[in-house]
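For reference, the structure discussed in these notes is given below.
The values are calculated or read from the model by the stated rules, or taken from the named source; none is laboratory data. All of these numbers come straight from a predicted model, not from anything done at the bench. Note that each Cβ is placed from the backbone with ideal geometry, even for glycine, and that neighbours are counted across all protein chains shown. Heads up: the accessible areas ignore ligands, DNA and RNA and are worked out on the full protein's heavy atoms, side chains in. Shrake-Rupley method; radii C 1.70, N 1.55, O 1.52, S 1.80 Å.
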Amino acid sequence: MRPFSRFVTLCALWAVAAVCAQPLNEARVKAKLAYNMARFTQWPGEAFPTPTAPLLLCLLQRSETLAAAFTELEGLTVGGHPVKVEFHPSKELKECHVVFMHESVSNARVTSALADLAGSPVLTIGDAERFADRGGMVELVIVNDAIRFDVNLKELRSAQLALSSQVLKLARQVRG
């Protein structure tokens, strides 16, 4: 990606994070942040069977508003991979590339999913309280009516994933 394109994308990521949180807008911001996090993530070579295999974004959620917002991501691309959204993953979560865990899911389910995914090359993003402290990689948080994010670098590294240093600079907090 050319430097100017990267700059424009990073500006867009920051602008999305600063949008006021209202139910549908909040869901759209979370979906776009998840998409942009995926765009700036590097997976190990074996994460995709072919150069054009879909990027599987799986949702653990119980929110129609959030599901509608993530539907808008279908067909977009990440590094040449078309985004495919799974609302009720029928596969093992380890087969996903990104797993978004919404606060509507029980704490026990989030904890179980994070334990199952530990060390797997799956980007975990969530908005549940203390998500990053429990082993999640990117936690979306509302601060002064804006959505910001915290990053758990230890978990990213454990999963052999890399998030762009430019994105890390935008994080509210980078841990470990």
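Screening Thr124 with (1) under 16 Å from the mean Cα position of the chain (by Cα); (2) surrounded by fewer than 19 Cβ atoms within 10 Å (Cβ to Cβ); (3) not small (Gly, Ala, Ser) gives one miss only, at (2). Confirm whether Ala146 is more than 20 Å from Arg39 (Cβ to Cβ), touching a residue at least 60 places away in the same chain (Cβ under 8 Å) and surrounded by 13 or more Cβ atoms within 10 Å (Cβ to Cβ). Against the criterion (more than 20 Å from Arg39 (Cβ to Cβ), touching a residue at least 60 places away in the same chain (Cβ under 8 Å) and surrounded by 13 or more Cβ atoms within 10 Å (Cβ to Cβ)), Ala146 qualifies. Candidates in region 132-146 are the residues that are in a strand (DSSP E or B) and out of contact with any Asp or Glu (no Cβ under 7 Å at 6 or more places or on another chain); of these, the one that is modelled with the highest pLDDT is Val138. Residues that are of a type outside the set (D, E, K, R), free of Cβ contacts under 8 Å to residues at least 40 places away in the same chain and in a strand (DSSP E or B) do not occur anywhere in region 89-99.
Taking Leu161 and the conditions (1) modelled with pLDDT of 95 or more; (2) within 19 Å of Cys58 (Cβ to Cβ); (3) open to solvent by 40 Å² or more (accessible area, probe 1.4 Å), which numbered condition does it fall short on, given that it satisfies the others? The number of the failed condition is (3).
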